[in-house]
Structures are given as structure tokens and as C-alpha cells.
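Below you'll find the structure, written out as C-alpha cells, and then a few comments.
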Amino acid sequence: MKYSQLGRVMLDVQGTTLTAQEREIIAHPQVGGLILFARNYDNVQQLIDLNRQIRECKPNILIAVDHEGGRVQRFREGFTRIPAMHKLAKSAPALLGPTAQLMALELMAVGIDFTFAPVLDRFNPESLVIGDRAFSESPAEIVEYASQFIQGLTDEGMAAVGKHFPGHGGVVGDTHLEDAVDNREFRDIEGTDLKPFKQLAPQLQGIMPAHVVFPCISENPVGFSQQWLQEVLRQQLNFTGAILSDDLSMAAAKVAGGPLERGLKAISAGCSMVLMCNNPDGAIALIEGLEGQGLVPNEAPLLLLSAHKRRTQQGFNWQALQKTASWIQTHRAINDVNNR
């Protein structure tokens, strides 16, 4: 089996099967990852087939999904319905680790490498985009609960990707739709939002920065800021894993310019891989533009995100997984939480 070097771009596809053009794009040397959405999912077998098609184009490509639980769970029918992390942490904290294990097993059984989780932002009822995706308002509780969740993923061989560094919970606005600015001083951020990232950095294989602007550190959104990604995340927090940009098609990212300018600025700031989603023309412009830049892929941190070895060793079978005693027990416990 021929393995290609992983490029710097993660993009998406439109439907439940691949088009001829999408196959060609996935095979492009600048592409290293693919993120799936609800529109890509019809049923379990279809998803398994889609992931096989994707890997026929590039066997070692990283396939990801936003599968946090609550309102952010792309695959629903047929999968275990995961509660929002805030609800799970408050009502059944002992279930956090087993829930993460079940999530990892279900996702790897259909060919997914990792989910963009856990959310390490503070709970803020005024935040339009974070809300109950967060474990808690307390940084200490976030560390406690997220550590259990991360351990559950780790136990099953799946990477943990924390988001949204250094914390999105302090702003009301949704960066998908608008710019967001957090005017606090760094010492205030360091004493609250940054704590979970600092304490959990050694346990994470990936981190996604926010598109929030913190003027106390940089005039740029975090994902475009060398001060945040190099000086704070790499040097102060000693993080050595992959840095994956938030979606460069989001409204708050457009301050950096066109698709290529956004990608280059994020990579220059320190991103290992950049996401361009729901914008096929932008994704093509980005990968074609990067091709002429002479960038050398930095695969080492990205390889930490692959579940290829674990999937191969486990010999996953969806039907067999759902017959195991541990899956049945955790599935029932999660449903009990959902019904409360």
C-alpha cells in the first residue's frame, strides 16, 4: 500500500459518496486531512464505504469529525446519542471516561481517526457558540472532567484534540458569523481560561486555536498569531502536538484575506494543518496556491492524530462492537442520562 506525504490542508466533501473531482482533490499533495459533516452521513454502512473511498485516494489521510455530544454530534442515527458535556459532567461525572471510550470505539469502527474534542472552554451561559459544550465554568473542574474524558480516548488509542485555545468562553459572539474580541488582560486569561490548556497540554495530541482576538497579546485572531501559537502555546505551555486551525471559512477568519492568504498566515503563525470547510472553491484556491509556496510538510505532529494502527490491530466490526458487554453497559448508562 502506497502512503503519501500528508499535506497541510484539511477540507470536506459534499455528499455521501465521492465525486470524480473530489477524488482528484483528495489525492492532491497539499491535502492531509478530511473532515466529515452531518450531510456526509446516511447510515453506518454508507459511512464505512465513504471512508474506504476516501482512503482509496490517499490511504494515510486523516479523517476527522466534530463529535462532541449534545448539539455537536454529526453522526446520530445508529450511533449512541452523547449528552452535552456540561450535562454529563453535572449528572454523571463517572461516566465521562467510559463515554469517551465508547465514542472512540464507534468512530474508529467506521474508519474515523479522531474527533475534535474535548472542548476546554469555560461554560458561559451568554456564549452563543460554546454554552453547554463546555464541561464547567470552573477551570479546576474543566481539568478534572476533561482529564477523565481524554483518558477514555487514550485508553482506546484515539487522539485528543483540545479546543478552542486559549479559551472561547469569555466572548458572547459566534466566530462562525462575526468577529469576536476579548479585551481582558493576559493575567486574567492566564488565571482562568488558559489553565485547562496549560495543565492538559501534555495529554493532548492536538489543539485547535480560537478565531478570537485578544488585544492584550496580539491584534490577530489566535490562529493567525505567532505570539499565541509560538510564544505561549509552544514555549510557555511546552505543547509539542499538532496545531489545527479552526475553519478558515468562518467569518472571523476573513480578516486575514483570501483563502490562500488565510492559509499562509495560519501556517506561518504555527499551524500544522489548516481547515477550509464548506467552501469548495476556497479549498481549491488554497491547495493550488500552497503548491507553489515550497512548503515542507511537518508530518511528525500530524501522525499523532492517526488511528490507523489501532484500527488495524483491533479489526473493528460495527456489529461485533455493539455486542460487547462494555459497549452495552455504557450505551445503557448514557441513555439513562439522556432520559433525565
Checklist entry - Which one of these is open to solvent by 10 Å² or more (accessible area, probe 1.4 Å) and farther than 24 Å from V337 by Cα: D113, D66, D12? => result D12
Checklist entry - Looking at region 132-150, is at least one residue among the β-branched types (V, I, T), under 30 Å from I61 (Cβ atoms) and in a helix (DSSP H, G or I)? => result yes
Checklist outcome for this item: The number of residues in region 210-229 that are more than 20 Å from the chain's Cα centre (by Cα) and modelled with pLDDT of 95 or more is 2
Checklist outcome for this item: Across region 268-306, the tally of residues that are small (G, A, S), touching a residue at least 24 places away in the same chain (Cβ under 8 Å), part of a loop (DSSP other than H, G, I, E, B) and open to solvent by 40 Å² or more (accessible area, probe 1.4 Å) stands at 1
Checklist entry - Given the conditions (1) at pLDDT below 95; (2) closer than 20 Å to M158 by Cα, which single one is not true for L62? => result (1)
Checklist entry - What number of residues in region 307-340 are open to solvent by 40 Å² or more (accessible area, probe 1.4 Å) and either on the phi > 0 side of the Ramachandran plot or not in a helix (DSSP H, G or I) (or both)? => result 8
Checklist entry - Name the residues in region 8-36 that are closer than 29 Å to G78 by Cβ, in contact (Cβ under 8 Å) with a residue 60 or more places away in the chain and part of a loop (DSSP other than H, G, I, E, B), would you? => result D12, Q14
Item to check | Cβ pairs under 7 Å, 6+ apart, first in region 70-99 and within 20 Å of R122 (Cα to Cα), second assigned to a helix (DSSP H, G or I) and aromatic (F, W, Y) | outcome: A89/Y145; P93/Y145; L96/Y145; L96/F149; G97/F149
Checklist entry - Limited to region 184-205, what total is found for residues that are closer than 15 Å to V143 by Cα, aliphatic (A, V, I, L, M) and outside any loop (DSSP other than H, G, I, E, B)? => result 3
Checklist entry - What residue, of Q53, Q5, Q46, is part of a helix (DSSP H, G or I), open to solvent by 30 Å² or more (accessible area, probe 1.4 Å) and at negative phi? => result Q53
Checklist entry - Could you list, in sequence order, the residues of region 311-328 that are within 26 Å of M85 (Cα to Cα) and without any contact (Cβ under 8 Å) to a residue 24 or more places away in the chain? => result Q322, K323, T324, A325, I328
Item to check | Output for region 78-95, where each listed residue is surrounded by 19 or more Cβ atoms within 10 Å (Cβ to Cβ), assigned to a helix (DSSP H, G or I) and among the small types (G, A, S) | outcome: A89
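The values are calculated or read from the model by the stated rules, or taken from the named source; none is laboratory data. In this text, all values refer to a predicted model and were calculated from it rather than measured experimentally. Glycine also receives a Cβ, built like all others from the backbone with ideal geometry; neighbour counts cover every protein chain displayed. Ligands, DNA and RNA are stripped out before the accessible areas are found, and what is left, the full protein with its side chains, is counted by its heavy atoms. Shrake-Rupley method; radii C 1.70, N 1.55, O 1.52, S 1.80 Å.
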